[in-house]
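Here's the structure, in structure tokens; my notes come after.
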Amino acid sequence: MSINATLFVQAIVFLILVGFTMRFVWPPIAKALDERAQKIADGLAAAERAKSELSAANQRVERELSQARTETTARLADADRRAQAIVEEAKARATDEGNKIIAAARAEAEQQMVQARETLRAQVAALAVRGAEQILRKEVDAGVHADLLDRLKTEL
């Protein structure tokens, strides 16, 4: 055979192989490549969506953390105000109670002083009667002279 015939037969076999490949082999490979490209594109789109969702979630978390910090600060300030109010109220109650105790002590002291004066007056009256008795050298009857003794007590 000649080289031309061999080249011609090889060209025909090559064209048949190219035709067979184009008709039966290439479409499934192209389809697989297209599906693979679509999966990659879908994956990239999903990754982009997840990235934007993550960014949005981070922003929400930051807002909620900021809000929680603000609420915590407000609650602490409110607790401080309540504590101050309780302390002030306790101080006021203690002052009132102290004033009541002082007033009661003063009243009791005044009452004891009045009672001591009365006792002292009675003792002074008895001493005056004894002194008068000794001066007059006779006995003074307390029952008879009760009016006189009462006037003497009030004068003292």
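The values are calculated or read from the model by the stated rules, or taken from the named source; none is laboratory data. What you see is a predicted model, and the numbers here were worked out from it, not measured in a lab. Here Cβ is always computed from backbone atoms with ideal geometry, including for glycine, and neighbour counts include all displayed protein chains. Surface accessibility is based on the protein's heavy atoms, side chains included, excluding ligands, DNA and RNA. Shrake-Rupley method; radii C 1.70, N 1.55, O 1.52, S 1.80 Å.
List every residue pair whose Cβ atoms sit under 7 Å apart, with the two residues 6 or more apart in sequence or on different chains, where the first one lies in region 106-117 and is touching a residue at least 12 places away in the same chain (Cβ under 8 Å) and the second, anywhere, is open to solvent by 100 Å² or more (accessible area, probe 1.4 Å) and aromatic (Phe, Trp, Tyr).
Close Cβ pairs satisfying both conditions: none exist.
Tell me whether region 4-16 contains one or more residues that are among the polar types (S, T, N, Q), surrounded by fewer than 10 Cβ atoms within 10 Å (Cβ to Cβ), out of contact with any Cys (no Cβ under 6 Å at 6 or more places or on another chain) and not in a helix (DSSP H, G or I).
Checked region 4-16: no residue is among the polar types (S, T, N, Q), surrounded by fewer than 10 Cβ atoms within 10 Å (Cβ to Cβ), out of contact with any Cys (no Cβ under 6 Å at 6 or more places or on another chain) and not in a helix (DSSP H, G or I).
This table checks each residue for (1) surrounded by 10 or more Cβ atoms within 10 Å (Cβ to Cβ); (2) under 37 Å from the mean Cα position of the chain (by Cα); (3) modelled with pLDDT under 95.
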residue	(1), (2), (3)
LEU65	yes, yes, no
ALA90	yes, yes, yes
ILE101	yes, yes, yes
ARG117	yes, no, yes
GLN123	yes, no, yes
LYS153	yes, no, yes
LEU156	yes, no, yes
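Take PHE24 and decide whether it is at pLDDT 95 or above and either in a helix (DSSP H, G or I) or open to solvent by 100 Å² or more (accessible area, probe 1.4 Å) (or both).
no
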